[in-house]
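The values are calculated or read from the model by the stated rules, or taken from the named source; none is laboratory data. None of the values given here were measured: they were computed from a predicted structure. In this analysis, Cβ positions are derived from the backbone assuming ideal geometry, glycine residues included, and neighbour counts consider all displayed protein chains.
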Amino acid sequence: MRDDHNDAALRAELQDELRELQKKIKKRLGVLRGQSVHRRNASLIKCKSKNPSVYWDLLKRTVGANRKRVHIPGEVLFDGVLSCEEKIREVWGEAFRRIFAVDKEEKTFREEWLEEITQEVRAEVKQSYQFDSLNVDLNQPISEEEVLVIVANLSQGKAAGVDAMVNEILRFGGEGIAKATAKLCQFMFCCEKVPKDWARGLIFPLYKDGDARNPDNYRGITLLSVVGKVYAVGFKCESDEMVREERGIVGRTGWLPAREIYRRPHLFGG
């Protein structure tokens, strides 16, 4: 009986000690969590990066929001049909093709809207011939200095496109690579054509919500050629000021008016 009483007393003592330790651990974790939040808040305040993804990454880590990671299933459910194995790529391709396709059988399709847009494009093409003086300035070759600045400001941590190149190769590859890229952009500008890889992209699906087997529940992003983007940005820098003078403040993309895109389709892979 005495041994049982001693065991009970020892057990009670150990439980009290365990509770005290748990309180200390909980208090310490609270302090560490507060310090972590304080550091992240300070990082947000001090963040001077021009890359929005850097800021949002810090913000999500501060509030504890985790990115949903979903692996693309080995089967696809599209138009009520379940496909797998060799037909998966074909089904995904059809799903993304429909996004930009004109489907007159769609319930929400408006014939008058399509006709209105078609007429606007034709009017822009016709009006483009009235801006010869504008084209003289836009036809100036892309300078080496412009390309060097663009390469130096390329974002880091971006995925590669069809050319399997990442921004870091150009940015940290040395002056030789940057100058060679500038010569390539100038050559393509004079030839009025671009390599096919510059006009192609890898479509990567990002899961949104719902059934992971349905391609409609994904948002596609296109991974483009790094060198092709350098060329496009170089032309964009030349055109932005001209567009602002002609039409005032442009949209968020800052690209050319439709008339200039149609006049110089080689710049965009046409």
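In the set (1) at pLDDT 80 or above; (2) surrounded by 11 or more Cβ atoms within 10 Å (Cβ to Cβ); (3) polar (S, T, N, Q), Gln119 fails one condition alone, (2).
Looking only at residues of segment 187-234 that are aliphatic (A, V, I, L, M) and in a loop (DSSP other than H, G, I, E, B), we find that the one that is farthest from Val147 (Cα to Cα) is Ala212. Of all residues in segment 138-186, how many are basic (Lys, Arg) and either touching a Phe, Trp or Tyr at 6+ places or on another chain (Cβ under 6 Å) or not in a helix (DSSP H, G or I) (or both)? Qualifying residue count, segment 138-186: 1. Yes or no: segment 139-146 includes at least one residue that is modelled with pLDDT of 85 or more, assigned by TED's automatic domain parsing to the domain that holds Arg219 and farther than 15 Å from Gly228 by Cα. Scanning segment 139-146 turns up at least one residue that is modelled with pLDDT of 85 or more, assigned by TED's automatic domain parsing to the domain that holds Arg219 and farther than 15 Å from Gly228 by Cα.
Let's see how each residue does on (1) of a type in the set (Gly, Ala, Ser); (2) modelled with pLDDT of 85 or more:
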site: Thr222; (1), (2): no, yes
site: Val226; (1), (2): no, yes
site: Val230; (1), (2): no, yes
site: Ser239; (1), (2): yes, no
site: Met242; (1), (2): no, no
site: Glu246; (1), (2): no, no
site: Thr253; (1), (2): no, no
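When Lys46 is tested against (1) at pLDDT 80 or above; (2) outside the structural domain of Asp211 (by TED's automatic domain parsing), only condition (1) is not met. How many residues are of a type in the set (Gly, Ala, Ser) and exposed (fewer than 14 other Cβ atoms within 10 Å of the Cβ) if we restrict to segment 156-172? Number satisfying all stated conditions: 3. Across segment 54-99, what is the total count of residues that are at pLDDT 75 or above and in a helix (DSSP H, G or I)? Selection size over segment 54-99: 18. With respect to the conditions (1) surrounded by 14 or more Cβ atoms within 10 Å (Cβ to Cβ); (2) at pLDDT below 75, Lys104 lacks only one, and its number is (1). Does any residue in segment 66-81 that is surrounded by 10 or more Cβ atoms within 10 Å (Cβ to Cβ) come within less than 6 Å, Cβ to Cβ, of a residue that is aromatic (Phe, Trp, Tyr) and modelled with pLDDT of 75 or more six or more places away or on a different chain, and which pairs are these? As it stands, the answer is Val70/Tyr207, since those pairs meet every condition given.
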